[in-house]
Amino acid sequence: MNINILKSLSYGVYVISTPDGEKSTGCIANSLMQISYDTVAVSINHKNYTNECINKYKRFAISVLGVDSDDNVIPVFGFQTGHEVDKFSGFKTVKVDGIDVIENSVGYIVCELIDKMETETHTVFLGRITNGEILHEQIPMTYAYYHAVKKGKSPKSAPTYIEEHAKSDIAYKCKICGYIYEGNLENEPDTYVCPICKKGKEFFELIT
């Protein structure tokens, strides 16, 4: 099978949020689709804390990220765990039906859980839409844009994750967001920062 054919499928980029006691937690998702006029489905990895919380609280919200959304939203929500981090801390949010959504986004959709399907690695949650609003007239971010323009990488928990090997003899990995720098990072000036999470060279580790 040529797995590269999967890269031709179209995806958006979203923050899926859900109650976590008195606060909210969330993660990045790209596998989301509208099933009918009032129903959506989203795929969340079994290991994600968000998966556990959706199962517990039976509600979730979708923040539709735009090309002008904060650059550090994806590193925080995609490469850290809600078990250890209050992911919404530091972001301007809107509280909708008891769930935080990202204010600097295209908008949000709120759902109540009505069904789910289990796969080997992911749960596909089916949600009935109960609320939704446009917040900003931004261009929605596609997964292709995230990779081509933002130079982002997929976390291993993502449904679309495909293991890739560095093309260079030497490469460095950002310990914060997972971005791969191919080549000798020492050739970059001391002012170099990760294009995704904006951390400096000291946050990179040699991987080859």
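The values are calculated or read from the model by the stated rules, or taken from the named source; none is laboratory data. It should be emphasised that the depicted structure is a prediction, and the values quoted were computed from it without experimental measurement. Heads up, the Cβs are rebuilt from the backbone with ideal geometry, glycines too, and the neighbour counts pull from every protein chain shown. Ligands, DNA and RNA are excluded from the accessible area calculation, which covers all protein heavy atoms including side chains. Shrake-Rupley method; radii C 1.70, N 1.55, O 1.52, S 1.80 Å.
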Enumeration of residues in region 161-188 that are modelled with pLDDT of 50 or more and either hydrophobic (A, V, I, L, M, F, W, C) or open to solvent by less than 30 Å² (accessible area, probe 1.4 Å) (or both): I170, A171, Y172, C174, I176, C177, G178, I180, G183, L185
Condition met for S31 (out of contact with any Cys (no Cβ under 6 Å at 6 or more places or on another chain), of a type in the set (S, T, N, Q) and touching a residue at least 40 places away in the same chain (Cβ under 8 Å)): yes
Identify, from the list I16, I44, I35, I28, the residue that is of a type in the set (V, I, T), part of a strand (DSSP E or B), open to solvent by 60 Å² or more (accessible area, probe 1.4 Å) and within 21 Å of K116 (Cβ to Cβ). I35
From the option list I114, I134, single residue qualifying as open to solvent by 60 Å² or more (accessible area, probe 1.4 Å) and touching a Leu at 6+ places or on another chain (Cβ under 7 Å) is I114
Checking S105 against (1) among the polar types (S, T, N, Q); (2) open to solvent by 50 Å² or more (accessible area, probe 1.4 Å); (3) in a loop (DSSP other than H, G, I, E, B): exactly one of these is not met. Which one? (2)
Within region 79-97, considering residues that are open to solvent by 40 Å² or more (accessible area, probe 1.4 Å) and closer than 18 Å to F60 by Cβ, the one farthest from the chain's Cα centre (by Cα): D97
Please verify whether region 66-78 includes one or more residues that are aromatic (F, W, Y), within 25 Å of C174 (Cα to Cα) and either assigned to a helix (DSSP H, G or I) or open to solvent by 30 Å² or more (accessible area, probe 1.4 Å) (or both). yes
